[in-house]
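The values are calculated or read from the model by the stated rules, or taken from the named source; none is laboratory data. As the structure is a computational prediction, the values presented were derived from the model and not from experiment. Every residue, glycine among them, receives a Cβ derived from its backbone with ideal geometry; neighbour counts consider all protein chains shown. SASA here: full protein model, heavy atoms, side chains in, ligands and nucleic acids out. Shrake-Rupley method; radii C 1.70, N 1.55, O 1.52, S 1.80 Å.
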Amino acid sequence: MAPTTPCLRIVCLAALLPTLACADGVDLLELSPDEPAARGRISVGFQSIRTDGNVDGSGNATPGVSTDTRNLLLSLDYRLAERWSLQLSIPFVDKRSVGDPGVHNVAFLAQPRQSAFIDDGDWHGAWQDWQLGVTHHGHWRGLKLQPHAVLTWPSHDYVFFASAAPGRRLRSLRLGADIGRRFGRSNLHWSLGYGYEFVEEVLDYDLDRQHYRASLRWDVSPSWSLSLFSNARQSQGIKPSDLAGRVPWSELWYQHDRLLRHNYVLAGIGAGWRINDDWSVSGSSAWPVEADSMHRIRHAWELQLSRSF
């Protein structure tokens with residue numbers, strides 16, 4: 001039998017399209033104090049995500065590549081006035097894809113593209129998207145009410161056509177609010193949050209997202225707190241099955257990592273330690289409850305160090 005050519009291998013992989021997933025991250029709980037006593041706060045966070053295989057549009061596990069992601073998040077929270085604060089952040093994403101068969105090689109696209117092939121099993125790092133947010137800190141009928149707006153803007157023209165891509169390289173605007181209060185005079189606090197994200201369209205596809213959050217925090221002492229939380233994301237876009245039978249070197253294939261829905265529900269635990277008036281440390285770990293049209297998450301955790309000023 002003659003050796004299989006690269007193009008023929010890609011054609012054969014069209015039958016496996018439902019196993020491929022979007023290169024994107026997950027949102028874990030932010031465990032920093034809600035309202036710092038000082039004027040501002042600088043934070044450095046580290047997030048690790050491990051995936052193995054994929055989940056299709058119905059949430060069923062399918063074969064696929066393995067990915068490892070290491071995110072370094074730099075953020076600034078600054079109190080503009082008594083009730084207004086500004087948030088600015090950018091992550092550095094270091095990621096690798098293991099076992100990729102080469103379907104993200106731009107050499108096989110019908111229209112030539114300038115995009116590096118990074119699914120070679122090595123680590124590849126890049127700055128991802130700037131995020132600029134503004135939050136109003138208020139109260140309503142005994143509830144803590146925090147409406148917010150977050151603008152996301154790619155930092156540069158990074159690679160998005162890859163399982164090891166740092167992100168989707170799309171602009172978006174998220175509007176939402178969080179509410180919460182303490183249970184009576186206890187040290188238990190609850191919070192709920194919702195956000196709607198308007199995402200830049202690709203190939204006329206609506207990619208808007210909805211974000212949901214819920215958490216329960218116990219202030220064990222003035223220095224220590226423990227949390228239970230759940231985060232969810234529901235997105236517009238396509239399912240992996242929508243790609244089945246499509247020519248894998250088409251424009252739709254080139255854009256598919258940006259178009260897949262990447263939906264999930266995560267549940268997790270967290271802890272925070274206020275070392276003193278200036279320094280605090282927090283951490284959290286999460287596991288998937290439901291997911292579809294994405295890499296199958298095995299674990300996700302993060303640590304954060306904050307300095308008030």
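Quick look at the numbers
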{"quantity": "Single unsatisfied condition, S186 versus (1) without any contact (Cβ under 8 Å) to a residue 12 or more places away in the chain; (2) over 26 Å from R39 (Cα atoms); (3) open to solvent by 50 Å² or more (accessible area, probe 1.4 Å)", "calculated": "(3)"}
{"quantity": "Residue match in segment 96-118 (condition: closer than 20 Å to V199 by Cβ and of a type outside the set (A, V, I, L, M))", "calculated": "no"}
{"quantity": "Meets criteria (closer than 16 Å to G133 by Cα, outside any loop (DSSP other than H, G, I, E, B) and open to solvent by less than 10 Å² (accessible area, probe 1.4 Å)) for G195", "calculated": "yes"}
{"quantity": "Residue in segment 84-100 that is surrounded by 15 or more Cβ atoms within 10 Å (Cβ to Cβ), assigned to a loop (DSSP other than H, G, I, E, B) and at negative phi present", "calculated": "yes"}
{"quantity": "Whichever residue in segment 49-83 is open to solvent by 30 Å² or more (accessible area, probe 1.4 Å), aliphatic (A, V, I, L, M) and in a strand (DSSP E or B) and, among such residues, is nearest to M294 (Cα to Cα)", "calculated": "A61"}
{"quantity": "Matching residues in segment 132-150 - criterion: being open to solvent by 30 Å² or more (accessible area, probe 1.4 Å) and outside any strand (DSSP E or B)", "calculated": "R141, G142"}
{"quantity": "Pairs with Cβ under 8 Å, 6+ apart, first in segment 264-290 and under 25 Å from S308 (Cβ atoms), second of a type in the set (S, T, N, Q) and part of a loop (DSSP other than H, G, I, E, B)", "calculated": "G272/S32; W273/S223; R274/S223; I275/S223; S280/S32; S282/S32"}
{"quantity": "Residue check, S115 assigned to a strand (DSSP E or B) and either of a type outside the set (D, E, K, R) or more than 24 Å from S172 (Cβ to Cβ) (or both)", "calculated": "no"}
{"quantity": "Lone qualifier among S306, S284, S241 - being open to solvent by 30 Å² or more (accessible area, probe 1.4 Å) and of a type in the set (G, A, S)", "calculated": "S241"}
{"quantity": "Of residues in segment 151-174 being closer than 27 Å to G64 by Cβ and open to solvent by 50 Å² or more (accessible area, probe 1.4 Å), the one nearest to the chain's Cα centre (by Cα)", "calculated": "R169"}
{"quantity": "Extreme residue, nearest to F160 (Cα to Cα), among residues of segment 202-229 that are open to solvent by less than 40 Å² (accessible area, probe 1.4 Å) and of a type in the set (S, T, N, Q)", "calculated": "S215"}
{"quantity": "Every residue from segment 244-258 that is surrounded by fewer than 16 Cβ atoms within 10 Å (Cβ to Cβ) and either assigned to a strand (DSSP E or B) or not acidic (D, E) (or both)", "calculated": "A244, G245, R246, V247, S250"}
{"quantity": "Scope segment 259-275; condition open to solvent by 10 Å² or more (accessible area, probe 1.4 Å), under 16 Å from V55 (Cα atoms) and outside any loop (DSSP other than H, G, I, E, B); matching residues", "calculated": "V265"}
